[in-house]
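Visitor: Below you will find the structure I want to go over with you.
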Amino acid sequence: MPALHDLGYRSLFAHPELVRELITDFTSFKLLDDVALSAFERVNPAYVSERLSAREDDIVWRVRLGDEFLYVYILVECQSGVDRWMALRMQTYIGLLYQDLVKRHELSPGLLLPPVLPLVFYNGSPHWSASMDLAGLLMQAPAELAALQPSQRYVLIDQQRLDRTALEANASLLALLFRLELSLVPDVLNNVAPALTTWFNSAPQASLRRSVQVWVNGLLARGTGKPALFTFDSVEEDDDMGGKLATWAEQLDEIGFQRGSAKGKAEGEIAALRGVLESLLRIKFRDVPEPVMKRIEQASKAEHHRWIEHSVNAPSLQALFSDDAGNTQGQPG
């Protein structure tokens, strides 16, 4: 079950702008620096769920490079804890991806499999100690079998240990959000909030603005257990975004960021999940009827997680809640 803040990052990485920023600004790869956003296409990874549970929320993109229609598939894994078996997981996901491409006849004219850029975005506190190569998880094979052993590597982006000087010099939206998460309140007030205000005032895409709101509320709930300080409806209606963000930062300082009570954090997480779900449903289906809103208000944490995950592929609100009711006991009517 994905953590609340992971859901916020998945909302961000549903936009090609931020996927490109993640690769160009926070890895050593330059192949996507000048690639147009129109070359990015989101891939539905639901096929993985046939074999592995709860994989609908993985983020998979393909990017057309040049005139030769070369496709690069990008897997982004949001992790808040160290996973010893990440290299094995990546090998499994990529294998399933390749199988699906073969099944759907989506290979190159030469029937060759496309290259894959596997990314792990990690925002946890402990140092990442897992092997970044599958070879590090394998017993040493006899010399005559060594060449036959599998190999898989992935790229790690460790947010907590990014170079702060380089981060402050980066003017991209993703760098600004990283600074918002990593900075102390004075820096948020003096530097991050004004820059984020400028972005909000000039950002043309309402869906991206909403995803930033989802992310901010996830950050807020994780740290304080009070998710309602930064409201969803105000960004598009309120011109005083600078004052709103400054007030938000001051309230974080007054509450004591990351020092909320366990009960407050639990209640705040459910409330934030509710806000994330309602925002996602409005983005995808626009009108959310009152009975649905009431059902969401009465839902448990597990139900919120399940509906958020399934909303990615649900064709309608009726399908989302009907399928859930059919698979779960004791749902509210």
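The values are calculated or read from the model by the stated rules, or taken from the named source; none is laboratory data. What you see is a predicted model, and the numbers here were worked out from it, not measured in a lab. Cβ coordinates were reconstructed from backbone atoms using ideal geometry, including for glycine residues, and neighbour counts include every protein chain displayed. Protein only, heavy atoms only, side chains kept; ligands, DNA and RNA dropped before computing areas. Shrake-Rupley method; radii C 1.70, N 1.55, O 1.52, S 1.80 Å.
Quick grid of which residues meet (1) surrounded by fewer than 19 Cβ atoms within 10 Å (Cβ to Cβ); (2) of a type in the set (D, E, K, R):
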{"position": "Cys78", "(1), (2)": "no, no"}
{"position": "Gly81", "(1), (2)": "yes, no"}
{"position": "Tyr98", "(1), (2)": "yes, no"}
{"position": "Lys103", "(1), (2)": "yes, yes"}
{"position": "Glu106", "(1), (2)": "yes, yes"}
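Residues are listed down the side, and each one gets a yes or a no for (1) part of a helix (DSSP H, G or I); (2) out of contact with any helix residue (DSSP H, G or I) (no Cβ under 6 Å at 6 or more places or on another chain); (3) open to solvent by less than 40 Å² (accessible area, probe 1.4 Å); (4) modelled with pLDDT of 75 or more:
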{"residue": "Leu281", "(1), (2), (3), (4)": "yes, yes, yes, yes"}
{"residue": "Ala299", "(1), (2), (3), (4)": "no, yes, yes, yes"}
{"residue": "His305", "(1), (2), (3), (4)": "yes, yes, yes, yes"}
{"residue": "Gln318", "(1), (2), (3), (4)": "yes, yes, no, yes"}
{"residue": "Asp324", "(1), (2), (3), (4)": "yes, yes, yes, no"}
{"residue": "Gly333", "(1), (2), (3), (4)": "no, yes, no, no"}
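Visitor: Specify which of the listed residues (Gly124, Gly136) is in contact (Cβ under 8 Å) with a residue 24 or more places away in the chain, in a loop (DSSP other than H, G, I, E, B) and either farther than 30 Å from Val188 by Cα or not basic (Lys, Arg) (or both). Spell out how you get there, then give the answer.
Guide: Working: Gly136 fails: in a loop (DSSP other than H, G, I, E, B).
Checking each option against the conditions leaves just Gly124.
Visitor: Going by what's in this entry, would Glu77 be described as within 23 Å of Ala14 (Cβ to Cβ), touching a strand residue (DSSP E or B) at 6+ places or on another chain (Cβ under 7 Å) and of a type in the set (Asp, Glu)? Steps first, answer last, please.
Guide: Working: within 23 Å of Ala14 (Cβ to Cβ): yes; touching a strand residue (DSSP E or B) at 6+ places or on another chain (Cβ under 7 Å): yes; of a type in the set (Asp, Glu): yes.
Taking the combined requirement at face value, the residue satisfies it.
Visitor: Something else about it: Out of the residues in region 184-234 meeting the condition of being at pLDDT 75 or above and charged (D, E, K, R), tell me which one is most open to solvent (accessible area, probe 1.4 Å).
Guide: Within region 184-234, the match that is most open to solvent (accessible area, probe 1.4 Å) is Arg210.
Visitor: Within region 148-207, can you find the residues that are in contact (Cβ under 8 Å) with a residue 40 or more places away in the chain and under 30 Å from Arg84 (Cα atoms)?
Guide: Pro150, Gln152, Arg153, Tyr154, Val155, Ile157, Leu162, Leu174, Ala175, Leu177, Glu181
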